Amino acid sequence: MAPTYDIEHLLLSQHSVRTVAGVDEVGRGAWAGPVTVCAVVTDLSEPPAGLTDSKQVSAAKRPPLAAELAAWAVGVGYGEATHEEIDALGMTRALRRAARQALEALPARPDAVILDGKHDYIGPPWPVRLEIKGDAASISVAAASVLAKVRRDAYMGTIGCDEYGFGENAGYPSPLHQEALARLGPTPHHRLSWSYLDDLPQWRHLKQHRDPLAGEGQATLFG
């Protein structure tokens, strides 16, 4: 089913809520590169044709759809946390920083936020409604998911490291990426606090150990 404005209308029916932003992130599960968050506010008009969860839109169709979305939306804001920030802060705090950047970059502060997922990484003072699979249910969140994906993929395609295939895998653990890591070790763009390094004896000494109070680490294993 295509996303709708049902959640937006529900929130807008509440007292004092006049604008709603959809928020989504991309890059949480990657081993290299930043995490990118996008916030989108619409005027509740019909979105560009083909809008849905970014994972359901082909790689060829995403950039032109993103261009249409950027022109159609009332407001678009982006935030990013670098791989260094992820290593230093943990993913939850890094996401919070990026999400707040995205919301603060909107032309006007929204009265409510629809956040994809089941964990509120934004926190007060933003009024957040969590929506599992929100990128498939809400038009605002679906638009944010496509815009965030296109922005981050484009950046990952510019940083080189061709042996790792970042232009194709965007820093996620594809077979090519894993083979290059085992052979060449991490690049300056890799997250060094993550547990994939535990499975690379030759490069394990590079792992950064963060204060456990700084936030959770990445549990994805190599292989």
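The values are calculated or read from the model by the stated rules, or taken from the named source; none is laboratory data. A quick note: this is a predicted structure, and the numbers were derived from the prediction, not measured. All Cβ positions, even for glycine, are placed from backbone atoms using ideal geometry, and neighbour counts span all protein chains on display. Note: accessible area is taken over every heavy atom of the protein model, side chains too, but ligands, DNA and RNA are not part of it. Shrake-Rupley method; radii C 1.70, N 1.55, O 1.52, S 1.80 Å.
Points worth noting:
- Calculated mean residue ellipticity at 222 nm for the chain: -9500 deg cm²/dmol, from DSSP H runs with n ≥ 4 weighted as -39500 (n - 2.57), summed, divided by the residue count and rounded to 500.
- Modelled spin-label separation between residue 43 and residue 13, with each label point placed 7 Å from Cα along the Cα-to-Cβ direction: 2.5 nm.
- Two-site label geometry, residue 182 and residue 67: point separation in nm, points 7 Å out along Cα→Cβ: 4.1 nm
- DSSP beta bridges in the chain [antiparallel fraction, %, rounded to 5]: 60 percent
- Spatially proximal aspartates and glutamates relative to residue 118 (Cα-Cα < 18 Å; intrachain offsets below 8 disregarded): 8, 24, 25, 53, 131, 135, 216
- Projecting label points 7 angstrom from Cα along Cα→Cβ for residue 58 and residue 84 puts them 4.0 nm apart.
- Calculated FRET value between residue 195 and residue 4, using beta carbons and R₀ = 35 Å, to 0.05: 0.35
- For the chain: accessible area per residue (Å², 1.4 Å): 47 Å²
- Counted residue by residue at 0.36 nm each, then reduced by the alpha carbon distance between them, the extension gain from residue 206 to residue 101 reaches 34.8 nm.
- Centre separation in Å (Cα based) which lies between the range 165-188 and the range 110-127: 32 Å
- Carbon-plus-sulfur accessible fraction, the chain (probe radius 1.4 Å, protein heavy atoms only): 56%.
- Note, ³J(HN,Hα) from phi for the range 136-143, Karplus 6.51, -1.76, 1.60, rounded to Hz, x at Gly and Pro: 9, 9, 10, 4, 5, 5, 4, 4
- Largest first, the residues 119, 9 sort by 1.4 Å accessible area into 119, 9.
- Extension gain (nm, one decimal) between residue 132 and residue 92, 0.36 nm per residue minus Cα-Cα: 12.7 nm
- Helix 62-72 and the longest principal axis of the Cα set of the chain meet at an angle near 40°.
- Bins of 10 Å from zero: percent of alpha-carbon pairs in the range 5-158: 12, 45, 35, 8, 0
- Of 149/207; 55/207; 61/149, pairs whose Cα-Cα distance is over 21 Å: 149/207; 55/207
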